[in-house]
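Everything below concerns the one structure shown next.
The values are calculated or read from the model by the stated rules, or taken from the named source; none is laboratory data. Small disclaimer: the values here were computed from a predicted structure and weren't measured. Every residue, glycine among them, receives a Cβ derived from its backbone with ideal geometry; neighbour counts consider all protein chains shown.
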Amino acid sequence: MNDRLTIGAGWHVVGGLGSKYDGDFPWKEGMLSLTSLVPAVAYQVNDDLSLGLSLNIGYAQFINAGSLQLGNFRLDMANMEAEADGIGLGGGIGILYRLNDEWTVGASYSLPMEVRLKGSTRLELLGLPLGKYDMTASVYFPGRLGLGLKFEPNNRLRILADANWYDYSAAKQMTAKIGGLFEYGQKLNWHDNFSFHLGAEYELTEKWLLRSGVCWHTAAIPRETTTPTAPEVDGPGISFGLGYRPNDNWDFDLGYTYGWGKREVEKHFGFLAPGKYEVDVHVVSASVTWKFGG
């Protein structure tokens, strides 16, 4: 808007995990995701300090199809197909401080978001339909604290490192009301988790930029509540990106990330799905930015 005030908006998938299985398998399909529209404003207090504030408008989707789970037990004689979605509100703050011409530090915090879901559930017993019922549920999405550091040894190279902490330990259980029949509870007992990132950006020319990075992500879902519909694992990731800036008003960016990991879930009383889990993640991202204030 001027030399100090900037407004903008972003639309992105904050987090999500989903899977689908064919054939005669107790778990058929599962998904829990949050996509957010984020209008934001930033103000440059002086040459070194900037502050930011955002509103997070989240859209959550939930799918759970397979054997009915009651607490830590699975009832293979009964099946359910649940689908629901809902909208929640949250917010975020951020600070950026330039220590000198080479070093910049930043911190941000996003508030947790609780989304009330509405949808329907189909129930079956021994293959016989029991009907379709309205469903309501409440899902907790964690707060996030991020700390970052940027080092610019010259005009072409930028090296960045950051770490994030996610408040998943508040998600103890997901409870859904199935019509007027019963209240369905699924134990979660998720843990706080972390991610660590290191990346670099290099200006090949005034218009072209090359990026690469590595990361490590820890799992929020403990072994006792891991299932094939939520096969989260600890693991690393690598990424590559390319940027194109034809002028001061336009940015075009393309990126690819590959992540992988393994987890052994031992047989233990109360564990829903012991076994060996292997996960491969492929993410392709594209971005177009128009700086209308330029």
Quick one: in the range 180-203, of everything that is among the aliphatic types (A, V, I, L, M) and modelled with pLDDT under 95, which residue is farthest from Leu145 (Cα to Cα)?
Leu181
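Output the number of residues of the range 164-189 satisfying the condition of being closer than 26 Å to Gly259 by Cβ, surrounded by 16 or more Cβ atoms within 10 Å (Cβ to Cβ) and in contact with a Lys or Arg (Cβ under 8 Å, 6 or more places away or on another chain).
Just the residues of the range 164-189 that are closer than 26 Å to Gly259 by Cβ, to begin with: 164-171, 174, 186, 188-189.
In the following step, the residues that additionally are surrounded by 16 or more Cβ atoms within 10 Å (Cβ to Cβ) were identified as 164-168, 171, 174, 186, 188.
With in contact with a Lys or Arg (Cβ under 8 Å, 6 or more places away or on another chain) added as a condition, the list becomes 164-167, 188.
Here the count works out to 5.
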Considering the range 155-179 alone, what residues qualify as being farther than 22 Å from Asp234 by Cα and out of contact with any Asp or Glu (no Cβ under 9 Å at 6 or more places or on another chain)?
Met174
Given the options Gly131, Gly58, Gly94, Gly66, name the one that is of a type outside the set (Lys, Arg), touching a strand residue (DSSP E or B) at 6+ places or on another chain (Cβ under 9 Å) and exposed (fewer than 14 other Cβ atoms within 10 Å of the Cβ).
Gly131
Among (1) surrounded by 14 or more Cβ atoms within 10 Å (Cβ to Cβ); (2) under 17 Å from the mean Cα position of the chain (by Cα); (3) closer than 24 Å to Asp162 by Cβ - the single one Gly213 does not satisfy:
(2)
Within the range 97-128, the residues that are surrounded by 14 or more Cβ atoms within 10 Å (Cβ to Cβ), charged (D, E, K, R) and farther than 30 Å from Arg158 by Cβ are Glu114, Arg122, Glu124
Any residue in the range 245-268 that is out of contact with any helix residue (DSSP H, G or I) (no Cβ under 6 Å at 6 or more places or on another chain), within 30 Å of Glu114 (Cβ to Cβ), hydroxyl-bearing (Ser, Thr, Tyr) and assigned to a strand (DSSP E or B)?
yes
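Conditions (1) within 26 Å of Glu81 (Cα to Cα); (2) touching a residue at least 40 places away in the same chain (Cβ under 8 Å); (3) over 18 Å from the mean Cα position of the chain (by Cα), marked per residue:
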{"site": "Leu145", "(1), (2), (3)": "no, no, no"}
{"site": "Gly148", "(1), (2), (3)": "no, yes, yes"}
{"site": "Asn155", "(1), (2), (3)": "no, yes, yes"}
{"site": "Arg158", "(1), (2), (3)": "no, yes, yes"}
{"site": "Gln173", "(1), (2), (3)": "yes, no, yes"}
{"site": "Lys187", "(1), (2), (3)": "yes, yes, yes"}
{"site": "His197", "(1), (2), (3)": "no, no, no"}
{"site": "Glu201", "(1), (2), (3)": "no, yes, yes"}
When both residues are 6+ apart or on different chains and their Cβ atoms are under 6 Å apart, which pairs have a first residue that lies in the range 78-97 and is closer than 26 Å to Ala176 by Cα, and a second that is of a type in the set (Val, Ile, Thr) and surrounded by 16 or more Cβ atoms within 10 Å (Cβ to Cβ)?
Met80/Thr121; Ala82/Thr121; Glu83/Ile63; Gly86/Val115; Gly88/Val115
